[in-house]
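Inspection log for the structure reproduced underneath, given as structure tokens.
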Amino acid sequence: MPSNMTNETPKPASQLAWIAVDWGSSNLRVWGLDNDDNVIAQASSDKGMLSLNPKQYETELLRLVSDWLPASGQINVMVCGMAGARQGWLEAAYLPVPTRLDQLSQGAVKPALASHQLRVYLLPGLSQTRSTASHFDVMRGEETQLAGLVATDTANFSGLACLPGTHAKWATLEDGTVSRFATYLTGELYQLLANQSVLKHSVDGDDLSDASCRDALISAVSEIHAAPETFSNRLFGLRAQDLLDGRLPSGKARGAVLAARLSGLTIGLELADACKDHATNKRITLIGNKALCHRYQLALNAIGFQAQQVDGDAAVLAGLRLAYQALKA
């Protein structure tokens, strides 16, 4: 088996009802599901959008799922993420907000296929256009994770949700509809500062299981949330602290504490805006990988908010299930 692919042994092809796909910029994940929407097979590869041209998508998908397919008939494939981007397989135009999350499949597009074994639906992303350029925004892939909240909430989820990441998304949901959202380049900003600024001489990887790193993150979040206008000054203060503060530990532990502080400053700056109109007695939902959601939960708790975590894989699968069910209806 190629090194860039993992594949669990599937059950007999006769049990396969449809296929769910999350196609990101760097990675591809696929799940085979039965008629009860249970996962019976799964595979992944590193062939994300950045590695493919439009003519290669079908070949890569078939490479992963061909062993699952029955001898005859067509299998429906629901795809979210960057395969539907303008530079992906085929563009699935953004749906403007407000958009009901149980109706994403209405904006799906079907790429032409050489194979007769698959029928592929590329789900759209969401767009936001307001009167000023500063309020233009887009998301692609995260809307399906948000749809997972609606799929698992019989009351049609309402509230504020955050999807941490390189480009963190914050979405306001009202009875299963995304009414508005905002994107923050927090993860990318952290990487740029840690790797390409003067701070690269001071920071190292942090570890939030260490109390000193946790405390550094929490205090930085609180400081910058209270005075976001001091962000640039506090960034340089990290370098000065490295040079002057004798209370810091030595070696890698020193860099870890300063990295945690940098993380707290960037996340805290994001929260200063994202949470400014949200009541502290209303819980915020975090969707994503456990470690990153835990980091954001610590940050939110530091400024008086409570949060609940939802696994990102579980959310995207639930959202794809919802889209598939709507397609069949």
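The values are calculated or read from the model by the stated rules, or taken from the named source; none is laboratory data. Since we're looking at a predicted model, the values are computed, not measured. Because the Cβ atoms are built from the backbone with ideal geometry, glycine has one as well, and the counts that use them run over all protein chains shown. Protein only, heavy atoms only, side chains kept; ligands, DNA and RNA dropped before computing areas. Shrake-Rupley method; radii C 1.70, N 1.55, O 1.52, S 1.80 Å.
Solvent exposure of the stretch 185-311, expressed per residue, is 50 Å² of accessible area, with all protein chains present and a 1.4 angstrom probe.
If every alpha-carbon in the chain counts as one equal scatterer, what log10 I(q)/I(0) does Debye give at q = 0.06, 0.09 1/Å? Debye curve over Cα of the chain, log10 I(q)/I(0) at q = 0.06, 0.09 Å⁻¹: -0.24, -0.53. Working from Cα pairs under 8 Å separated by at least six residues, relative contact order for the stretch 185-311 is 31 percent.
Rolling a 1.4 Å probe over the protein heavy atoms leaves Val138 with an accessible area of roughly 60 Å².
For the stretch 37-105, just say rounded, prolate or oblate: build the C-alpha gyration tensor, square-root its eigenvalues into a ≥ b ≥ c, call rounded for a/c under 1.5, and beyond that prolate if a/b exceeds b/c, oblate if not. Note, shape of the stretch 37-105 comes out oblate. If r is the Cβ-Cβ distance from His278 to Glu188 and R0 is 22 Å, what FRET efficiency results, to the nearest 0.05? Plugging the Cβ-Cβ distance into 1/(1 + (r/R0)^6) gives 0.40. The listed residues Thr183, Thr59, once ranked by accessible area (1.4 Å probe) with the largest placed first, stand as Thr59, Thr183. When the label point is put 7 Å from the Cα of Leu50 along its Cα-to-beta-carbon vector, which residues of the stretch 166-186 have a backbone N closer than 14 Å? Residues 166-167 qualify, since their backbone N sits under 14 Å from the label point. Fully extending the segment from Lys290 to Gln87 would add 70.1 nm, taking 0.36 nm per residue of separation and subtracting the current Cα-Cα distance. Remark: spin-label model distance Asp311-Leu248 equals 3.8 nm, labels positioned 7 Å along the Cα→Cβ axis. Given a cut-off of 20 Å, name the pairs among Lys55/Lys169; Lys169/Lys282; Lys169/Lys200; Lys169/Lys328; Lys55/Lys110; Lys47/Lys200 whose C-alpha atoms lie farther apart than that in the structure shown. Lys55/Lys169; Lys169/Lys200; Lys169/Lys328; Lys47/Lys200, as the Cα separations exceed 20 Å there.
The accessible surface of the stretch 192-237, taken with every protein chain in place and a 1.4 Å probe, is 50 percent carbon and sulfur.
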